[in-house]
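Notes follow the structure.
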Amino acid sequence: MDVTERAPGPGTGGEKEHLAAAREEMRAPSRPGAKALGTLAILAVLYTLYFASSILLPFVLAIVLYLLLSPLMRILTKRAHLPRALAALLLILGLFVLVGGVGAAVSVPASYWIGQAPQALPKLEQKLSFLQEPINYAQQGYQKLNTLMGGAPPDEHGPSGGAPSVSSLTSFGGSVLSGVKTMLGDGFTILLLLFFFLSAGDSLLRRLVEVLPTLEDKKRAVEIASEIEENVAGYLATITMMNVLVGVLNGLSVWLLGMSDPLLFGTIAFLLNYVPIIGPMTGVVLFFAVGIFAFSNPLFAFVPAGIYLAIHVLEGETITPMLLARRLTLNPVLVIVSLFFWDWLWGVPGALLSVPLLAVAKIVCDRLPGLHAVGHMLGADKPHGEMG
């Protein structure tokens, strides 16, 4: 039998098998390479976000403010029929007057409290001396347990028992002040970007949609932009209104308790409520410390902190979730992860932006076919058995 008769001809099954095997061999090395490229891309994005924060942070803050002010912008342009540039200018002037007025009102009492901090620390330790004995008992119990477990003996020259140290609070306060200073320093850049977003944001979006290649991509881009504006703007407006209410109630409680500077502490409560978990925890500690100075009996120091905590629980666990239930449902675990990640990356401004950025990420992932699983993971179960 001739050899050529036994060889598979073109188009036969043997040739197809050889071609399929060759393709698999060509694809195999690309998989580890694709993973490596993906890892490098993630690291490059993190590197850029970290080292380009001075450029990116004002840009992101301006976008968030644009989303917050977009409902008012729509009212001024569509109902009042004002030109977009004039409406944008009026909104920015109003925002500047509001922030400047509140800042000027609280700057004097804030400077006083910051200036009194070094002299007040010994007084705070003296008033918290009733905690000396319980802390000593706890340290002795820990030392005995450590000895029984075979651990190294405690350092004799290490920190001794006593009133709780405020060094961590001082460090956090310095980080907050540093973050606020950075935000104020970039204020002009943010306002300038905000003006152009408000006056020409729709034109920019329209140009972006026009350059997309297919009709499906154009439609998806419009849907993503509309959903981000609707949901994130609604979330920011709701949170801001609730935070104003929290600030007013806390300022009123400080005034009714006879403590000084209710406007300052109402403003602090308003700002801290933007930061999930960490903000309210800091507020409880801060109101307790202020109560220590305001009342001679240390037990009364728990009253301002208790009122602050009760207001936060009522707002954060009952009212706000009901208002946002149909708008945003984010996984609470990932909210905390996002908070710590953006705080590490951009500091206090990053912590303020953590939830809006997570919401934007969920909306984008829900709309892109290849990222549906990620969007599902970012979301949380809707209440009352709602499906979505």
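Where a number appears in this text, it was derived from the coordinates with a stated rule and is not lab data. Since the structure is predicted, the reported quantities are computational estimates derived from the model, not experimental observations. Backbone-built Cβ (ideal geometry, glycine too); neighbour counts: all protein chains shown.
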**Phi-based couplings in Hz for region 72-77 (Karplus 6.51, -1.76, 1.60; Gly and Pro marked x)** = 5, 4, 5, 5, 5, 8
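Order these by the 10 Å Cβ neighbour count, fewest first: Leu192, Leu272, Leu65.
Numbers: Leu192 13, Leu272 23, Leu65 20.
Final ranking by Cβ density, sparse to dense: Leu192, Leu65, Leu272.
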**Message:** For region 285-372, what does the relative contact order come out to in percent, with C-alpha contacts under 8 Å and a separation of six or more?
**Reply:** 15 percent
**Fill in**
HN-Hα couplings for region 253-265 via Karplus (6.51, -1.76, 1.60; θ = phi - 60°), in whole Hz with x for Gly/Pro, come out as 5, 4, 5, 5, 7, x, 7, 8, 6, x, 5, 4, 6
**Request:** Starting from the amide H of Gly379, placed 1.01 Å from N in the peptide plane, find each other amide H under 5 Å away whose residue is 5 or more places distant or on another chain.
**Result:** Asn331
